[in-house]
Amino acid sequence: MMGPAHSLSGAAAWLGVGSAVAAAGHPMPWPVLIVGALICAGAALAPDLDHKSATISRAFGPISRGLCEIIDKLSHSVYKATRGHGDPRRNGGHRTLTHTWLWAVLIGTGASVLAMTGGRWAVLGILFVHLVLAVEGLLWRMARTSSDVLVWLLGATSAWILAGVLNEPGNGADWLFTGAGQEYMWLGLPIVLGALVHDIGDALTVSGCPILWPIPIGRKRWYPVGPPKAMRFRAGSWVELKVLMPAFVVLGGVGGLGGLGVI
């Protein structure tokens, strides 16, 4: 799928989780619901770090472009070193390492550890990166016509404000994990969810997605998981633009209202 659809699906997924836990009698504090949705929207772009033409490659100028090239080469190397007898040869690393459940878990776990051990500046850094990505995905028309500096300023300002809100008692810094030193441990959860939602979205397209790596399926270690081919669509097709994106908006709205206890 394309960047805007990935971000919308990420936000909708977190809002859906918020609605589910509220229905189970354990509602999220409203800042966690909102911040988590924005982080998840940004994280849903991150698996495309292996693609130099993806939305994320433009998000941070030369830094993100350089990082995309590094991740592409790393992913390709991992693919070549681990491919099974049934896996085809490839010229690049797109839709390999960063499009797996293992990558999602590792990135989310790393973010949680960084948030717990790095203090306020680490939390601000995590928020800044994902809020900039959320702007690039959710407000893509504005981001494409604005300067990068304006998008970065919006991300930095929003990160500073939201971190301050979360730090207020009862607003969610210690949501879910309440032990000493476990503040912001939950930040990794929307990052894991966003990456997995990205992978599921890509699995619906023609090429499928090797979500289950390194678990082998048949003669393939990089098996492209997906529905029957007749049910798949091309990225950017009318199915994505006219069906899935409006559905994500509706589902996100319902999930957000449910998470806030309105419905």
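What dipole magnitude, in Debye to the nearest 20, does the chain give about its Cα centre under +1 on Lys/Arg Cβ and -1 on Asp/Glu Cβ?
1140 debye
With every protein chain left in place, what is the accessible area per residue of the range 56-244 in square angstrom, probe 1.4 Å?
About 53 Å² of surface per residue is accessible.
Hey, got the Cα dimensions of the range 56-244 along the principal axes, in Å, largest first?
Over the range 56-244, Cα extents along the principal axes are 53, 42, 33 Å.
Among the lysines, which fall within straight-line cross-link reach of Lys242, defined as a Cα-Cα distance under 27 Å, with same-chain neighbours fewer than 8 residues apart omitted?
Lys52, Lys229
Over the alpha-carbon set of the range 184-263, work out the extent along each principal axis and list the three values in angstrom, largest first.
Computed over the range 184-263, the largest-to-smallest principal extents equal 49, 37, 18 Å.
Evaluate the relative contact order of the range 56-244 (contact order divided by residue number), counting alpha-carbon pairs under 8 angstrom at least 6 apart; express in whole percent.
25 percent
Order these peptides, 188-195, 140-147, by their mean beta-carbon neighbour count within 10 angstrom, highest first.
188-195, 140-147
Working out 0.36 nm times the residue gap between Leu176 and Ile215, then minus their Cα-Cα distance, what length gain in nm do you get to one decimal?
Contour length minus Cα-Cα distance gives 11.0 nm.
Considering only Ala134, Trp152, Ser237, whose Cα is most displaced toward the positive end of the charge dipole of the chain, charges sitting on Cβ of Lys, Arg (+1) and Asp, Glu (-1)?
Going by the Cα projections, it comes out as Ser237.
Which whole-number percentage describes the relative contact order of the range 45-91, with Cα contacts under 8 Å and a sequence gap of 6 or more?
Result for the range 45-91 is 30 percent.
Between the range 67-81 and the range 152-202, how many Å separate their Cα centres?
The range 67-81 and the range 152-202 have Cα centres separated by 28 Å.
Please work out how much length the chain gains when fully extended from Asp148 to Leu102, using 0.36 nm per residue of separation minus the C-alpha to C-alpha distance, in nm with one decimal.
13.4 nm
The values are calculated or read from the model by the stated rules, or taken from the named source; none is laboratory data. All values derive from a computational prediction rather than experimental measurement. Here Cβ is always computed from backbone atoms with ideal geometry, including for glycine, and neighbour counts include all displayed protein chains. Only protein heavy atoms, including side chains, enter the accessible area calculation; ligands, DNA and RNA are left aside. Shrake-Rupley method; radii C 1.70, N 1.55, O 1.52, S 1.80 Å.
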